[in-house]
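The values are calculated or read from the model by the stated rules, or taken from the named source; none is laboratory data. All of these numbers come straight from a predicted model, not from anything done at the bench. Cβ sites come from the backbone with ideal geometry, for glycine too, and all protein chains shown count toward neighbours.
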Amino acid sequence: MSANTWETGFQQLGDGIYCYITNGKTMMSNCMLVTGDECALVFDVLCTKPLTEAFLQECRRLVDKPIRYLVISHCHGDHFLGANALPEAIVIGHHSLKAAFDQDRATPRMEAMQKRLPHLDFTDATYPYPQIYLTDGCSIDLGNRMVEIRAMGKCHTEGDLALWIPDAKWMALADVLFHNVVPPTISGDIDHWIEVLEGLEQCEAEHFLPGHGPVCGREDVRAMREYLQQVRVQAQLVADGALSMKDEIPSPLEERMIQAGWLETARTIFSTEQYAAKIKGVPYRANMPRVLAVEASRNR
């Protein structure tokens, strides 16, 4: 199996632990269901209601417990737009979600996304405002199975949550971890992100579900951390005037990621520019039409 292909679809990861793995491309993220003796918890949903319903249908063939909780890992739509498939669940999210949802709903983003991705059905897309807002983490008893929701700080977004399942040594990291997919960093903090990944390399978890890409282990957490460190190195070259970034020509780091078989390599441009701006002490605001155009040109 090459780096840019992996098994997709419904998978059982362990006793009472199930996930859906997507192909990692635009709007295609992963989600997890974990169950105890009394109830179940879903960590993220897929980007549309039909896709989420298909995942839940597979889970319900094997799980007869009610899905009591839905944890939304962060404010990006590929992780929450299908939440209408779980109308009865108690929604848990980071305290930053409300402001992010309010801002997103104030723009015509959904219509534009439907035009850009006509193969997906966003008809029933929703913004699942939490009933429970978290600043720090919390523990939940699903019935003879404790799970922990951990607040990871500002990594990929203003407030990223992860799910830790101690008895199975599994951790679902959402977009704190990308595996064989280049992460977008423009709404995050690369320095803090690297610190978090360093900690995860030493943590008690043995298996990880990333937000994008196949399930993996500590060596893949390390690969993600090393990529972000390489972004900082390349950004220093840009800040020093020793390297120019061009949309039409892959940078040295992007070339390495292409050779490694990672997806969405054009994101390296914007991560480098973002960090170079930080080095120089100037603001950086991504031009999203440009971002989408460059990513589309690489994906042809």
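Please go through segment 248-277 and pick out each residue that is in a loop (DSSP other than H, G, I, E, B) and loosely packed, with under 14 Cβ neighbours inside 10 Å.
Answer for segment 248-277, where residues must be in a loop (DSSP other than H, G, I, E, B) and loosely packed, with under 14 Cβ neighbours inside 10 Å: Glu248, Gly261.
Looking at Gln12 and the list (1) in a strand (DSSP E or B); (2) among the polar types (S, T, N, Q); (3) under 30 Å from Leu292 (Cβ atoms), which single condition is not satisfied?
(3)
For the structure I just gave you, tell me whether Glu111 is among the acidic types (Asp, Glu), closer than 23 Å to Leu161 by Cβ and without any contact (Cβ under 8 Å) to a residue 24 or more places away in the chain.
no
Identify all residues within segment 102-120 that are part of a loop (DSSP other than H, G, I, E, B) and either among the small types (Gly, Ala, Ser) or modelled with pLDDT of 90 or more (or both); write none if there are none.
Ala106, Pro118, His119, Leu120
Of all residues in segment 41-91, which are in contact with a Cys (Cβ under 6 Å, 6 or more places away or on another chain) and of a type in the set (D, E, K, R)?
Asp44, Lys65, Arg68, Asp78
What tally of residues in segment 53-67 results from selecting those that are crowded, with 19+ Cβ neighbours inside 10 Å and either within 16 Å of Gln12 (Cα to Cα) or touching a residue at least 40 places away in the same chain (Cβ under 8 Å) (or both)? Give the steps one after another, and end with the answer.
Our first condition is that a residue be crowded, with 19+ Cβ neighbours inside 10 Å; within segment 53-67, this holds for 55-56, 59, 67.
After this cut, where a residue has to be either within 16 Å of Gln12 (Cα to Cα) or touching a residue at least 40 places away in the same chain (Cβ under 8 Å) (or both) as well, the list is 55-56, 59.
Selection size over segment 53-67: 3.
Can you confirm whether segment 278-299 contains a residue that is of a type in the set (Gly, Ala, Ser), crowded, with 17+ Cβ neighbours inside 10 Å and either free of Cβ contacts under 8 Å to residues at least 40 places away in the same chain or farther than 30 Å from Phe10 by Cβ (or both)? Lay out the reasoning, then the answer.
The first filter runs over segment 278-299 and keeps only residues of a type in the set (Gly, Ala, Ser), leaving 281, 286, 293, 296-297.
Narrowing further to those that are crowded, with 17+ Cβ neighbours inside 10 Å: none.
Looking for residues that are of a type in the set (Gly, Ala, Ser), crowded, with 17+ Cβ neighbours inside 10 Å and either free of Cβ contacts under 8 Å to residues at least 40 places away in the same chain or farther than 30 Å from Phe10 by Cβ (or both), one finds none in segment 278-299, hence no.
Please find, within segment 60-96, the residue that is nearest to His156 (Cα to Cα) out of those that are among the charged types (D, E, K, R) and assigned to a loop (DSSP other than H, G, I, E, B).
The initial filter retains those residues of segment 60-96 that are among the charged types (D, E, K, R), namely 60-61, 64-65, 68, 78, 88.
The next check asks that each one be assigned to a loop (DSSP other than H, G, I, E, B); those that pass are 64-65, 88.
Details: Asp64: 34, Lys65: 32, Glu88: 28 Å.
Out of the qualifying residues, it is Glu88.
Is it fair to say Met27 is touching a strand residue (DSSP E or B) at 6+ places or on another chain (Cβ under 6 Å), in contact (Cβ under 8 Å) with a residue 24 or more places away in the chain and not β-branched (Val, Ile, Thr)?
For Met27, the condition - touching a strand residue (DSSP E or B) at 6+ places or on another chain (Cβ under 6 Å), in contact (Cβ under 8 Å) with a residue 24 or more places away in the chain and not β-branched (Val, Ile, Thr) - is not met.
Out of the residues in segment 219-247 that are assigned to a helix (DSSP H, G or I) and in contact with a Lys or Arg (Cβ under 8 Å, 6 or more places away or on another chain), state the one that is farthest from Trp262 (Cα to Cα).
Per the stated criteria, the residue is Ala239.
Is it the case that Ala99 is at pLDDT below 95, surrounded by fewer than 23 Cβ atoms within 10 Å (Cβ to Cβ) and either assigned to a loop (DSSP other than H, G, I, E, B) or not polar (S, T, N, Q) (or both)?
No: the conditions fail for Ala99.
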